[in-house]
Amino acid sequence: MIFLDKLENGISFLYKLFDIDKKNEVSVIAEAEEKVQLPEEYLERFTLYPLQNKDFLKNRESELKSLELAFENWKITNAPLLVVNDPGEGGTSLLHASTYIYPTAKILETNHAVDSYKKLLVLLTTVLRIDIEFKSLKDLEKYINTSEDNHIIILENIERLFIRRIRGFDLLEDFLLFLHATKSKIYWIISINKYSFYYLNRVKYFSSHFSSIIHLKPILEEQLKAEIVNRNDGYQTVFLKPNNLSKKLEKQLKKATKEERQVILENIFFKKLANFSKGNISKAILYARNSAYNVKEKTVFIKPIKIRVFDDLSLNDLFILEAIFQHRSLSIKELNIVLRNSDRQSRLSIEKLLEKQLIRLTSNLNKRIEYRINLMYLDSLKELLRERLNRNFR
């Protein structure tokens, strides 16, 4: 039996269904002729956003216990805490959800570059709700240490406090001095991405400033599967045969019943999802979203996507990608500073990387545009940096 669906835009889709019993016929769902635009209602189930409440946070029980313990330790040792995580691993969700431990905690997000002492002072006085203008971090330090109030501050993405150039680490280093000077009055919880952590350890012994460090663990394979199954709740899932199956699996599918074939194809899909995501929840969600081939009424057809291999990147491309990794995100102006490029050279390189979808652009309320690594290629690009630039990070 062949199922042919004619859509309004004239694109047809062909699926082989399960009741084909003809001799020499491959009786598994084959791929559709062309992928369609999926309905928004379905896509919204795979939106990436940080959680705010502990009740909605899953699979991070051990990290929450570590955060509770670190807070108790601070009461004795005044040790600040560092949380190391990759983009997409759920670090922001973990830190936001952890505020049940310390309800008075204030969250200081640095999603965009903090490139001056003035900007840092404004951020700190705003989050501390201090209506005084200070000329230096030293002045703010004296004010905090002579006040009766204690504070808890969650500072995300500390890598936004430096720029890789001569004297570009001054602001970060002075902030670390400020952190140490105020740690008896402020419990500092700092987050940093893994590549920045690797880089800053190499050049500035960054980890030596933190006796308490939490590294986020990968989410287990069965937990990732449960997350994706939950997002498909209400839909019947039909798994399509992926490309380039081994001969062994091809034979196994031919011999199986229709129910057995779906179990085999489902297992293949979730194994590929786990291998791709490596325990990164956002990468798993993106993989599942991009693997949705078509949605017809309440049935979603799923086919594992093939991740592109990029073997045509120049050294200049890799240096740009590494700079973005180190800083989490960069603007064209910052890229010029880091790599000493001309504005035209940087723009041409960025356009090429955007075209390959290796990076994506972000903007804030001030319409400042920055560029970040596309999560879909996070690990494959890290592997390229290891192989071609000899970057020895974990």
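The values are calculated or read from the model by the stated rules, or taken from the named source; none is laboratory data. What you see is a predicted model, and the numbers here were worked out from it, not measured in a lab. Here the Cβ positions follow ideal geometry from the backbone for every residue, glycine too, while neighbour counts run over all protein chains shown.
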Odd one out for Q357, checked against (1) closer than 26 Å to Q223 by Cα; (2) surrounded by fewer than 14 Cβ atoms within 10 Å (Cβ to Cβ):
(1)
I305, sole failed condition from (1) in a loop (DSSP other than H, G, I, E, B); (2) touching a Lys or Arg at 6+ places or on another chain (Cβ under 8 Å)
(2)
Give the residues of segment 135-149 that are surrounded by 12 or more Cβ atoms within 10 Å (Cβ to Cβ) and not basic (K, R), sorted by residue number.
S136, L137, D139, L140, E141, Y143, I144, N145, S147
Cβ pairs under 7 Å, 6+ apart or interchain, first in segment 79-103 and without any contact (Cβ under 8 Å) to a residue 60 or more places away in the chain, second part of a helix (DSSP H, G or I) and not hydrophobic (A, V, I, L, M, F, W, C), ordered by first then second residue, are A97/K54; Y100/K54; I101/E68
How many residues does segment 159-196 contain that are among the β-branched types (V, I, T), over 16 Å from S329 (Cβ atoms) and at pLDDT 95 or above?
4
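Taking segment 96-118 as the search range and keeping residues that are more than 26 Å from Q52 (Cα to Cα) and surrounded by 15 or more Cβ atoms within 10 Å (Cβ to Cβ), which one is farthest from the chain's Cα centre (by Cα)?
We begin by selecting, within segment 96-118, every residue more than 26 Å from Q52 (Cα to Cα); these are 115-118.
From what's left, surrounded by 15 or more Cβ atoms within 10 Å (Cβ to Cβ): 115, 117.
Numbers: D115: 23, Y117: 28 Å.
Among those residues, the one meeting the criterion is Y117.
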Among the candidates I281, I307, I332, I324, which residue alone is among the hydrophobic types (A, V, I, L, M, F, W, C), under 20 Å from the mean Cα position of the chain (by Cα) and under 22 Å from L161 (Cβ atoms)?
I324
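Evaluate the following for L69: is it within 30 Å of L220 (Cα to Cα) and surrounded by fewer than 17 Cβ atoms within 10 Å (Cβ to Cβ)?
Answer is yes for this residue.
In the same structural domain as L67 (by TED's automatic domain parsing) and closer than 27 Å to Y199 by Cα - does that describe any residue in segment 122-130?
As a first pass, look at segment 122-130 and keep what is in the same structural domain as L67 (by TED's automatic domain parsing): 122-130.
Subsequent filtering for residues that are closer than 27 Å to Y199 by Cα retains 123-124.
Yes: segment 122-130 contains one or more residues that are in the same structural domain as L67 (by TED's automatic domain parsing) and closer than 27 Å to Y199 by Cα.
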Failed condition for R372, given (1) in a loop (DSSP other than H, G, I, E, B); (2) in contact (Cβ under 8 Å) with a residue 12 or more places away in the chain
(1)
What are the pairs with Cβ atoms under 6 angstrom where one residue, in segment 201-221, is assigned to a strand (DSSP E or B) and the other, located anywhere, is of a type outside the set (S, T, Y)? Sequence gap at least six, or different chains.
S212/A70; S212/A79; S212/L81; I213/L82; I214/V83; H215/V84
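Can you confirm whether L82 is at pLDDT 95 or above, more than 19 Å from E370 (Cβ to Cβ) and under 19 Å from the mean Cα position of the chain (by Cα)?
Working: at pLDDT 95 or above: yes; more than 19 Å from E370 (Cβ to Cβ): yes; under 19 Å from the mean Cα position of the chain (by Cα): yes.
Yes.
What do you reckon, is A256 crowded, with 20+ Cβ neighbours inside 10 Å and either within 20 Å of R308 (Cβ to Cβ) or not assigned by TED's automatic domain parsing to the domain that holds D86 (or both)?
Details: crowded, with 20+ Cβ neighbours inside 10 Å: no; either within 20 Å of R308 (Cβ to Cβ) or not assigned by TED's automatic domain parsing to the domain that holds D86 (or both): yes.
No.
For segment 200-221, enumerate the residues that are of a type in the set (D, E, K, R) and out of contact with any helix residue (DSSP H, G or I) (no Cβ under 9 Å at 6 or more places or on another chain). If you could, list the steps in order and put the result at the bottom.
Restricting attention to segment 200-221, the residues satisfying the condition of being of a type in the set (D, E, K, R) are 202, 204, 217, 221.
If the condition is that a residue be of a type in the set (D, E, K, R) and out of contact with any helix residue (DSSP H, G or I) (no Cβ under 9 Å at 6 or more places or on another chain), then R202 is the only one that fits.
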Please go through segment 331-358 and pick out each residue that is of a type in the set (S, T, Y) and part of a loop (DSSP other than H, G, I, E, B).
S331, S342
Show the residue pairs that are 6+ apart or on different chains and have beta-carbon atoms under 7 Å apart, the first residue being within segment 153-178 and touching a residue at least 12 places away in the same chain (Cβ under 8 Å), the second being of a type in the set (D, E) and assigned to a helix (DSSP H, G or I).
I163/E334; F178/E141
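Table: residues versus (1) within 17 Å of F175 (Cα to Cα); (2) in a loop (DSSP other than H, G, I, E, B); (3) of a type in the set (S, T, N, Q).
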site: T92; (1), (2), (3): no, no, yes
site: H112; (1), (2), (3): yes, yes, no
site: D115; (1), (2), (3): yes, yes, no
site: K118; (1), (2), (3): yes, no, no
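K248 - would you say it is assigned to a loop (DSSP other than H, G, I, E, B) and more than 25 Å from the chain's Cα centre (by Cα)?
Values: assigned to a loop (DSSP other than H, G, I, E, B): no; more than 25 Å from the chain's Cα centre (by Cα): yes.
Spelling it out, it is not the case that K248 is assigned to a loop (DSSP other than H, G, I, E, B) and more than 25 Å from the chain's Cα centre (by Cα).
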